[in-house]
Amino acid sequence: VLLNDGNRIPQLGYGVFQIPPEETEKAVVAAIRAGYRLIDTAQGYGNEEGVGAAIRSSGVDPAELFITTKLTSYAHGRDKALRAFDQSIQRLQVEQLDLFLIHWPLPRLDLYVETWQALMELQQQGRVRSIGVSNFTERHLNRIVSETGVVPSINQVELHPEFPQAPLREFAAKRGIAVEAWGPIGQGGRLLQNPELVALAGEMNRTPAQLVLRWHLQLGTIPIPKTTRPARMIENLDVFSFELDASAMDRIAELDVGERLGPDPEVFELPA
Ligand SMILES: NC(=O)c1ccc[n+]([C@@H]2O[C@H](COP(=O)([O-])OP(=O)(O)OC[C@H]3O[C@@H](n4cnc5c(N)ncnc54)[C@H](OP(=O)(O)O)[C@@H]3O)[C@@H](O)[C@H]2O)c1
């Protein structure tokens, strides 16, 4: 996917949320060997060092990888954000990061504009190639753009067939912001057991997860599914050799329940 800053990001990635630090290197090496090139971590996941070790030990040229991390909610504000970035770079053992995101807007703290300016500084210095945000609503996006003039290249949000975020996707498309999908397969919960989806998957000789990931690709979102199981890594990546026709896309659209699995960004604040 071509980003608004001229850089490119793979359209399907591998997320490492909730992978314990001591298991992360092994999982990420397996994912890279399975073919993933986009790896999504965060300061808050506590496993950046494992991602860094995997970058070194995977046998793939690090220049071929696209590494994303996210600023912890504890480091909003210019100076803290810059320091936190330095620490990530050390843990990840990279000289230049591919993508740095503000993890949550934290509107009550009200430091996300200043924090966004810190990311702009890092990009100007060439320390990160692309900058973006996560869990930003239209309101937060409008505010950083109007106050800084710089449009994020990515907004990473919860997005799956049960919560497809149509209005936010439409807004992002108008503004040239690429949408990355977290929880892309509904965090492995009830979505994948939905009888309609299971039936459609049976008809198409694919798994429910593959249908959902293919749905993302056809919507133009960038899904970053997580799994620690190598067989599922391969399954989740094997979505480039079939297509969903309009009727299959419509059947998946029926799964919308309008409910998030995760927190509402307008009210999500710093964990105690
Ligand atoms: N920006 C944010 O605030 C935010 C929030 C949440 C997540 N994220 C990012 O998005 C990534 C993905 O989201 P997520 O991890 O929350 O949820 P997800 O990728 O939608 O779902 C992961 C769950 O699905 C299971 N699973 C994976 N592939 C499967 C398959 N083919 N069939 C059946 N079950 C399968 C996994 O279990 P096994 O591991 O046992 O296979 C795991 O329990 C994260 O890892 C993280 O990088 C970002």
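Computed values, structure above
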{"item": "Filtered residues of region 180-190 (kept if within 17 Å of the chain's Cα centre (by Cα) and either surrounded by fewer than 21 Cβ atoms within 10 Å (Cβ to Cβ) or of a type in the set (F, W, Y) (or both))", "result": "W182, Q187, G188"}
{"item": "Residue count for region 1-17, restricted to those that are more than 20 Å from L237 (Cβ to Cβ), touching a residue at least 40 places away in the same chain (Cβ under 8 Å) and of a type outside the set (D, E)", "result": "3"}
{"item": "The listed residue being at negative phi and at pLDDT below 95, out of P271, P230", "result": "P271"}
{"item": "Residues of region 12-26 that turn out to be in contact with a helix residue (DSSP H, G or I) (Cβ under 6 Å, 6 or more places away or on another chain) and under 24 Å from V151 (Cβ atoms), as a count", "result": "0"}
{"item": "Exclusive hit being under 16 Å from the mean Cα position of the chain (by Cα) and hydrophobic (A, V, I, L, M, F, W, C), set L99, L92, L111", "result": "L99"}
{"item": "Contacts under 7 angstrom Cβ, first residue in region 44-63 being without any contact (Cβ under 8 Å) to a residue 60 or more places away in the chain, partner away from the ligand (no atom under 16 Å from the Cβ), 6 or more apart", "result": "G52/Q93; I55/P62; I55/Q93; I55/V94; R56/Q93; S58/R33; P62/V94"}
{"item": "Residue among I39, I19, I55, I102 that is more than 24 Å from T115 (Cα to Cα), within 11 Å of the ligand (Cβ to nearest atom) and buried (at least 17 other Cβ atoms within 10 Å of the Cβ)", "result": "I19"}
{"item": "Region 247-265, residues that are part of a loop (DSSP other than H, G, I, E, B) and surrounded by 10 or more Cβ atoms within 10 Å (Cβ to Cβ)", "result": "E254, L255, D256, V257, R260, L261, G262, P263, D264, P265"}
{"item": "Residues that are modelled with pLDDT of 95 or more and not aliphatic (A, V, I, L, M), drawn from region 183-198", "result": "G183, P184, G186, Q187, R190, Q193, N194, P195, E196"}
{"item": "Long-range neighbours under 8 Å by Cβ, at least six apart or interchain, first residue free of Cβ contacts under 8 Å to residues at least 60 places away in the same chain within region 235-251, second basic (K, R)", "result": "F242/R206; F242/R214; E243/R214; L244/R214"}
{"item": "Some residue of region 108-129 being under 18 Å from E266 (Cα atoms), within 15 Å of the ligand (Cβ to nearest atom) and part of a loop (DSSP other than H, G, I, E, B)", "result": "no"}
{"item": "Qualifying helices (runs of 4 or more DSSP H) (wholly inside region 147-242; at least 3 residues being closer than 29 Å to F136 by Cα and more than 10 Å from the ligand (Cβ to nearest atom))", "result": "166-175, 208-219"}
{"item": "Some residue of region 150-157 being in contact (Cβ under 8 Å) with a residue 12 or more places away in the chain and over 17 Å from K70 (Cβ atoms)", "result": "yes"}
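One line per residue, one yes/no per condition, for (1) within 24 Å of V16 (Cα to Cα); (2) surrounded by 12 or more Cβ atoms within 10 Å (Cβ to Cβ); (3) in contact with a strand residue (DSSP E or B) (Cβ under 9 Å, 6 or more places away or on another chain); (4) among the polar types (S, T, N, Q):
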residue: A178; (1), (2), (3), (4): yes, yes, yes, no
residue: L192; (1), (2), (3), (4): yes, yes, no, no
residue: Q210; (1), (2), (3), (4): yes, yes, no, yes
residue: A231; (1), (2), (3), (4): yes, no, no, no
residue: D245; (1), (2), (3), (4): no, no, no, no
residue: V267; (1), (2), (3), (4): no, no, no, no
residue: P271; (1), (2), (3), (4): yes, no, no, no
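Residue by residue, here is whether (1) outside any loop (DSSP other than H, G, I, E, B); (2) out of contact with any helix residue (DSSP H, G or I) (no Cβ under 9 Å at 6 or more places or on another chain); (3) over 24 Å from D238 (Cβ atoms) holds:
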residue	(1), (2), (3)
V28	yes, no, no
G44	yes, no, yes
A81	yes, no, yes
L99	yes, yes, yes
L106	no, no, yes
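The values are calculated or read from the model by the stated rules, or taken from the named source; none is laboratory data. Every value quoted in this text rests on a predicted model; they were computed, and no experiment measured them. Every residue, glycine among them, receives a Cβ derived from its backbone with ideal geometry; neighbour counts consider all protein chains shown.
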